[in-house]
Every structure is written in structure tokens, then in C-alpha cells.
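Okay, so here's the structure we're looking at.
The values are calculated or read from the model by the stated rules, or taken from the named source; none is laboratory data. A quick note: this is a predicted structure, and the numbers were derived from the prediction, not measured. Note that we place each Cβ from the backbone using ideal geometry, even for glycine, and neighbour counts take in every protein chain shown. Calculation scope for accessible area: heavy atoms of the full protein, side chains included, ligands and nucleic acids excluded. Shrake-Rupley method; radii C 1.70, N 1.55, O 1.52, S 1.80 Å.
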Amino acid sequence: MGTTSPDIPAPRALDPGIGDPAQVRTHDAVPITDPVQHRALPVRMLLPVDQESWPIVVFSHGSLCSAGQYERITASWAARGYAVLMPVHLDALENPPASEPPDLQKLLSSRIRDLSCTLDALPELADAAGAPDVFDAGRIAAAGHSFGALTALIKVGLALRPGEYRLDGSPADARFSAAISMSGVGPLPPMADDAFARLNAPLLVTGGTLDEGNVGAGPVFPWEWRMSAYSQAPAGDKFSLALENADHYLGGLIARDDRGGDADPEGVSILAAVTAAFLDAYVKKNPSAIDWLATIDLKGLTNGRARFAAK
């Protein structure tokens, strides 16, 4: 059974003015089975209370994180009328620690497959929610944070080198029509040389000026590295949001509450508002949201805190 979360507000600061706050129902770890990976895949669902046809956001959590740690952002999407589906990847915090270092190629392949498997199981997930046929399979976005941002970008065309994806089928999935990359990654060895140049879908890339690129070994990259999906993608429906003095975890308010600097509720509010407007523009095709993205003066409204660009 789902639970109702009455106290989750839609973002108020910089609210695009599209839709009203709504209650959100949470269904925790709904089990589905992936016939490709031959394993159970739990999916956490955040669902609107009052909506007849729900557009879908499939969200990929960061490495060693939990889907539930992102609900200051993901619940704001559900409150605006989206079904937010969050597969629990092999490296999720709630899974038992691995007995040996993970095979990163295998783990990346598994994560990529998890997002498509989630869409394959929409009828099962709808039944579990008690709302058969309510998902709108024609309006779907991929989103993710950190390692999850890389996972989401691959679903909309970020190219890998041959042999990096080990499972059946293609790593990309045409069912995803837009993507949000939150604190993602720049060029990495598994990627093709022109990986970002193949990102033709509408895209929002976010990061912070304290969000250095550190993938556990090797060099530490400046924060701009995390914005590579915007800077290196072809022009056309691409947006970037850079937050001054924001770290990878927004002060522990997303992903990990034991990491980052001071709590950053302003950063969370800005991120929630801009991501919601992007989804409304490119998933719901809402003209008001498209206009909001085209005209909003984020730098002025946030006293210089937010840099917003489009190409």
C-alpha cells in the first residue's frame, strides 16, 4: 500500500507558476524482475494524488546513495503531476556492502539496464500503485545525480566505447525524450571521444561552483567538468544551471546528509524550481514553462546565486 505525504511542498521560491502543490504518495521498493539481468529490481515510486495521466521521470540515484535521499527534489516533481520512478541500483545504500571492489563496467551496464527495465515493467508498477494504465508512456524523461546523471545521459544518447555495455540491446532508449543531469560527469574512459556530441535530446545540466569532479582516483577536475554535457552537446534545447557556492550534496540535503558544507535550502529550492520548469516544458510541452525558461532572470532573482544559460 502507498502512503500519503501531505507535508511535501512544491518549490515556492522562483516558482514557475505552473500547477499547485499536491500531496504525494510513496510506494517503497516495489519489486519487479529483470529477465535480462536475472535479478529482482526494487523500484521506489513517488506518485501524484490527483492526476489522471502521469508523465514519467525515471530517476537514477548517485553511487552508494539511496533513492529516498533525493526527495527534496523528486517529491517536488511528483507534486507537479509526475510519476517519479526510482530503480534501486546494485550499488544502492540499502543493499549489503559488496564483498569485493565492484566491477565498474558491470555496474554501469547494470544501471543502464535498470532504467529501461523500469519502463518495461510499467504495467506491473501501475498495478502495484492501484492505478492501472495511468502512466503516460509517451511522455518520459530520464534524470539522475552524479553516477546517476551519467546513467541518465546514456539513455538519451551519450555514447560509450564499443564493448563497454555488456548486456543485451542498446544502452540508449528512444522512449526517453529528455534528460536532467544533476552534478554529472565530464569525459571518462568508458565514453566515446565524441560522447557528448551525440546528445540531441532536450537537456538540463546542473552543478555548483564547489562541486569539483572527483571520481575516486586520478585528478580532481574543476567544477566546470561536471557541466560538460551542456558545454560539449550540440545546441538546441540545452540549458545549464550553475549555483554559486553549491557543493555536490547541497550541504547534505540531497544524496548524503554526512557530506558537504552548510545545509543549502536555497540551492534546493532553485534546483527544484528550474528542474520542474524544464520537465513541464519538454515532457508536458507546457507553453508557459517554455516561456519561463526563455525569459526568467535567475541571476537577478537570486542576487547572483544562480547562473542560467541556454543554447
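A few points about this structure:
- Flag for A79 being touching a strand residue (DSSP E or B) at 6+ places or on another chain (Cβ under 7 Å), modelled with pLDDT under 95 and surrounded by 20 or more Cβ atoms within 10 Å (Cβ to Cβ): yes
- Selection from region 113-147 of residues that are part of a loop (DSSP other than H, G, I, E, B), more than 18 Å from the chain's Cα centre (by Cα) and within 25 Å of R166 (Cβ to Cβ): A121
- Residue in region 212-227 that is touching a Gly at 6+ places or on another chain (Cβ under 9 Å), under 25 Å from A92 (Cβ atoms) and not in a helix (DSSP H, G or I) present: yes
- Candidates L64, L41, filtered to the one that is over 17 Å from A276 (Cα atoms) and open to solvent by 20 Å² or more (accessible area, probe 1.4 Å): L64
- Just one of the listed residues (A137, A126, A149, A143) is modelled with pLDDT of 95 or more, of a type in the set (A, V, I, L, M) and over 18 Å from G62 (Cβ atoms), and it is A137.
- Residues that are surrounded by fewer than 20 Cβ atoms within 10 Å (Cβ to Cβ) and among the hydrophobic types (A, V, I, L, M, F, W, C), drawn from region 226-252: A235
- Scanning region 180-202 for residues that are open to solvent by less than 50 Å² (accessible area, probe 1.4 Å) and in a loop (DSSP other than H, G, I, E, B) yields a count of 10.
- In region 87-112, the qualifying residues are those that are more than 20 Å from the chain's Cα centre (by Cα) and among the charged types (D, E, K, R), and the one that is least open to solvent (accessible area, probe 1.4 Å) is D103.
- Considering region 152-164, the residues that are assigned to a loop (DSSP other than H, G, I, E, B) and within 27 Å of Q69 (Cβ to Cβ) include one that is nearest to the chain's Cα centre (by Cα), namely V156.
- Looking across S53, S109, S99, one residue alone is at pLDDT 90 or above and not aliphatic (A, V, I, L, M). It is S109.
- Per-region count, region 56-91, residues farther than 22 Å from V268 by Cα and hydrophobic (A, V, I, L, M, F, W, C): 2
- If you go through region 151-169 and keep only what is touching a Leu at 6+ places or on another chain (Cβ under 9 Å) and acidic (D, E), you end up with just E164.
- Some residue of region 264-284 being open to solvent by 70 Å² or more (accessible area, probe 1.4 Å), without any contact (Cβ under 8 Å) to a residue 60 or more places away in the chain and either among the β-branched types (V, I, T) or part of a loop (DSSP other than H, G, I, E, B) (or both): no
- Of the criteria (1) assigned to a helix (DSSP H, G or I); (2) at pLDDT 95 or above, which one E71 fails: (2)
- Total residues in region 271-311, condition of a type in the set (D, E) and within 22 Å of the chain's Cα centre (by Cα): 1
- Restricting region 28-75 to residues that are within 17 Å of S181 (Cα to Cα) and of a type in the set (F, W, Y), the residue that is nearest to the chain's Cα centre (by Cα): F59
- Among the residues of region 100-131, those that are over 16 Å from V84 (Cα atoms) and of a type outside the set (K, R) comprise E100, P101, P102, D103, L104, Q105, L107, L108, S109, S110, I112.
- Of the criteria (1) touching a residue at least 12 places away in the same chain (Cβ under 8 Å); (2) within 19 Å of the chain's Cα centre (by Cα); (3) open to solvent by less than 20 Å² (accessible area, probe 1.4 Å), which one D257 fails: (3)
- Residue list for region 130-173, restricted to those being open to solvent by less than 10 Å² (accessible area, probe 1.4 Å) and among the polar types (S, T, N, Q): T151
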